[in-house]
1. Would you list, by chain and number, the aspartates and glutamates whose Cα falls below 20 Å from the Cα of Lys265, excluding same-chain residues fewer than 8 positions away?
2. How much accessible surface does Tyr121 have with a 1.4 Å probe, in Å² rounded to 10?
3. Tell me, what is a quarter of the convex hull surface for the C-alpha atoms of segment 288-383, in nm² with one decimal?
4. For segment 37-178, report the accessible area per residue in Å² (1.4 Å probe, heavy atoms, rounded to an integer).
5. Take the cross-link list Lys301/Lys362; Lys3/Lys311; Lys41/Lys184 and give me the ones stretching past 23 Å between alpha-carbons.
6. If I ignore ligands, DNA and RNA and count only protein heavy atoms, how much of Tyr69 is accessible to a 1.4 Å probe, in Å² to the nearest 10?
7. Rg to Rh ratio, segment 333-383, alpha-carbon atoms and Kirkwood radius?
8. In the calculated pair distance distribution of the chain, what percentage of Cα-Cα distances lie above 36 Å?
Amino acid sequence: MEKEIDKLVEKYKSDIYDDFRKIVDINSFSSNLEGIKECAKALVEVASQKGIALEETYSSKRRRPHLMYSKSLESDFYAFIGHFDTVHPPESEFDKMVDEGDILRGPGTNDMKGGLIVALYSLVILKELYPDRKIPIKILFNSDEEIGSPDSSEIIKSEFKNAKAGFVFEAGRAPGYSVVTSRKGVFEIIVEIEGKAAHSGVEPWNGINAIVAAAKIVQRLDGLNDYDKGIIVGCNQIVGGIAKNVVPPDCKIDVNVRFVDNDQKRYILSQMEEIFSKDDYGGAKVSYRLIHSRPPLVKTKESQELYELYKSVSNFYGFECSEVSTGGGSDANYLGDLGVPVIDGVGVVGKYSHTTKEYILKSSIIERIKIFVLFMTKLTEKD
């Protein structure tokens, strides 16, 4: 079986790199809807040339296109999930893939267009290995993961709740070709403080300084951090005031929170409620609103078993593989929250996502396809 996989990967090797360049060179910044549509079209064409019918799909909001394969599958299937939006805007000079020998550098190479190629060609090779056997695989490539999947999370929840297992093709972790078995949950809130304007040089005592109140709130929120327990409360942006000679009548704090499980989330929210309800803010009124929430990906017995099998296959090919937990969220969080056993980070291997230094190890595309195909072969032997 391993020799057959090697031959098929070698057969498609040139196409793999050509198709990868094709989608990397299309700007698909999350807010660039024209680029998103162009990239979706290119992915459909790439898949179609290999006999895979990716079709556009929409949430009930019909805000933006996503791509699905085997939408009709309702249960007992394996979920492949990835995203084709990136964080690099159209005006960025970091806009094309550059082959530097051992590495491929470019926007979205690591996060996560390389993973899409691993997913697609793994399916291509599985279909060729088993022409008379249907391996039930359902794919979603979404276009809004980098902004929290506000649109496509609806699709994940409705279409993938009956998956028997799920694989998210985010980048693996170097060194060691590690995969992700747990991720922190995340929620974001906006805290708004309403004070009262006054002339700062004539009658500041008649005003209510919203920035001073915000400073006290920030200190208290910062006190909720407990890195040893995995709690991160980041007061990462603050805006307030209208002029240098006016007592600021308003202030806004953007807070990003990471947590290990839902018990921690409830604890953090209860502590925040207590902070916001205090009456020592000099008369300022405090309110807040939740603007984004992603559940944690919690490792389970079933996902541990998936990892152990994947690790054994990775070791067979001569690569160390360990499991890692990370504070960054992905669509694995939504899938895991449905009760689906998930392993994440089975895409390519590289570094510096979300920067203009982003790259992947060129060989990792081929190596990760081999590993994943053999992994799926072993996983489905009992089906």
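1. Of all the aspartates and glutamates, those that pass the test against Lys265 - Cα under 20 Å, at least 8 places apart if same chain - are Glu188, Asp222, Asp226, Asp228, Asp254, Glu273, Glu274, Asp331, Asp337.
2. Using a 1.4 Å probe on the heavy atoms, I get roughly 0 Å².
3. Working: hull surface 33.6 nm².
The directionally averaged projection comes out at 8.4 nm².
4. Heavy-atom SASA per residue in segment 37-178 reads 39 Å².
5. Lys301/Lys362; Lys41/Lys184
6. 30 Å²
7. Values: Rg = 14.4 Å, Rh = 13.2 Å.
Result for segment 333-383 is an Rg/Rh of 1.09.
8. 30 percent
The values are calculated or read from the model by the stated rules, or taken from the named source; none is laboratory data. Quantities reported herein were computed from a predicted structural model and do not represent experimental measurements. Positions of Cβ are backbone-derived with ideal geometry, glycine not excepted, and every protein chain shown enters the neighbour counts. Protein only, heavy atoms only, side chains kept; ligands, DNA and RNA dropped before computing areas. Shrake-Rupley method; radii C 1.70, N 1.55, O 1.52, S 1.80 Å.
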